[in-house]
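Written below as structure tokens is the structure these notes are about.
Read-outs throughout are calculated quantities, based only on the coordinates presented, and are distinct from any laboratory measurement. Computed from a predicted structure; not experimentally measured. Every residue, glycine among them, receives a Cβ derived from its backbone with ideal geometry; neighbour counts consider all protein chains shown.
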Amino acid sequence: MENLNKKEQVVLVTGSSSGIGKELCRMLVSTGYKVFGTVRSKKDSATLSKEFGSRFESIIMDVTIESQVLKARNKVEKYLGSAKLCALINNAGVATLGPVEHMTTTEFVTQIDTKVLGTFLCTKTFLPLLGTNRKLEGPPGRIINISSILGGKIGSPFMSAYCASKHAVEAFSESVRRELKPYGIKVIIVAPGSISTPIWNTLKGHVGNMNFSDTEYHTPFNKILKSLEKFDQNSLPIDKLSKVILKSIETKYPKIRYSPTNDFSQKLWPYIPKKLMDKFF
């Protein structure tokens, strides 16, 4: 299969301090790309810069603040000169778990803003570098938006904010993919099943702060937690997910949507009738 030329190719990855973003930066750097990775703190910036070397540059940026995203674009644009950005990977995200009734407005808004507003701002701001500016040299860049099988196509109980954000990213991706056809900029969704990352362990700690043990939510919520733990036992190694994302950047004719998972049954979930799916929860 014919691949794109990686010579002098530059990729921007949001949410690079841990999990999927960090492992992806590691793989891209080792493969020969120049990588700009966004982080939220000076500590993470220093750690990653030391770990990944000269082919990696960190950008301290909050994806929900437009002025910071514009500043990041200026930095990348200066490095690129007259060349196009090879790929923008909208990976930054958080996860909130718990009943809507016991979720704070701040928790819900943070989830939506980070994943949805962040994806919008980064896409809008970096589009000229990806190829809507016809004066730049090189092939059109690509946008890879990270979703999930669990959140992108299914509404799971106690994961309303998470699922809403992933559903929104899927719809946004489909719309923008069609908008950008005249420019040749491909928009690709990578929606993995359960992945070996610390995010769900962090969530379990957060849930401990919610007080609903004496409500009707308690039993079904524990059922969901046990299901997540079961999925985690058969999760896809993060390096395998990174290889799929790398493929979506390099292959000449990428799929519209990739759904890598170690559990084939997860790929079937979106096709199960909703009333039947209700019986699993």
Exercise. For the stretch 251-258, what does the Karplus curve 6.51 cos²θ - 1.76 cosθ + 1.60, with θ = phi - 60°, yield as ³J(HN,Hα) per residue in whole Hz, taken in order and with x for Gly and Pro?
Worked result: 5, 5, 10, x, 5, 6, 9, 10
Exercise. Could you give the distance between the Cα centres of the stretch 221-236 and the stretch 49-70, to the whole Å?
Worked result: 33 Å
Exercise. With labels modelled as points extended 7 Å from the Cα through the Cβ direction, what inter-label distance (nm, one decimal) is found for LYS42 paired with LYS78?
Worked result: 1.9 nm
Exercise. What is the dipole size for the chain, taken about its Cα centre, with +1 at each Lys and Arg Cβ and -1 at each Asp and Glu Cβ, in debye to the nearest 20?
Worked result: 1020 debye
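Of the listed pairs LYS22/LYS84; LYS181/LYS240; LYS247/LYS275; LYS43/LYS252; LYS34/LYS226, which have alpha-carbon separations greater than 32 Å here?
Values: LYS22/LYS84 23 Å; LYS181/LYS240 29 Å; LYS247/LYS275 36 Å; LYS43/LYS252 37 Å; LYS34/LYS226 40 Å.
Over 32 Å Cα-Cα: LYS247/LYS275; LYS43/LYS252; LYS34/LYS226.
Nearest 0.05, what FRET efficiency do ASP214 and SER265 give at R0 = 25 Å with Cβ-Cβ as r?
Once the sixth-power term is evaluated, E becomes 0.15.
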Exercise. Can you give the angle from 0 to 90° between the axis of helix 218-233 and the longest principal axis of the chain, with both taken from C-alpha atoms, to the nearest 10?
Worked result: 40 degrees
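Run through the stretch 119-190 and list the trypsin sites (Lys or Arg not before Pro) located in a DSSP loop whose Cβ has at most 11 other Cβ atoms within 10 Å. Before the final figure, lay out each step's value.
Details: sites: LYS124, ARG134, LYS135, ARG142, LYS153, LYS166, ARG177, ARG178, LYS186; in loops: ARG134, LYS135, LYS153.
Passing sites in the stretch 119-190 are ARG134, LYS135.
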Exercise. By the gyration tensor of its Cα atoms, with a ≥ b ≥ c the square roots of the eigenvalues, what is the shape of the stretch 47-94: rounded for a/c under 1.5, prolate for a/b over b/c, or oblate?
Worked result: oblate
For this session: Sum -39500 (n - 2.57) across every DSSP H segment of at least 4 residues in the chain, then divide by the residue count to get the 222 nm mean residue ellipticity, nearest 500.
Result: -14000 deg cm²/dmol
Exercise. Roughly how many nanometres apart are two label points built 7 Å out from the Cα toward the Cβ at ASN234 and THR105?
Worked result: 4.2 nm
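Expressed as a fraction of 2.2 N^0.38 Å, the rule-of-thumb size for a compact globular protein of N residues, what is the C-alpha radius of gyration of the chain? Intermediate values should be presented prior to the final figure.
Working: Rg = 18.9 Å, N = 281, 2.2 N^0.38 = 18.7 Å.
Working it through for the chain, the quotient is 1.01.
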Problem set entry | Label-point separation, LYS50 to LYS71 (7 Å along Cα→Cβ), nm | 2.4 nm
For this session: Mind listing the long-range amide H neighbours of LEU236? Cut-off is under 5 Å, sequence gap 5 or more, other chains count too, H placed in the peptide plane at 1.01 Å from N.
Result: SER194, ILE195, SER196, ASN262
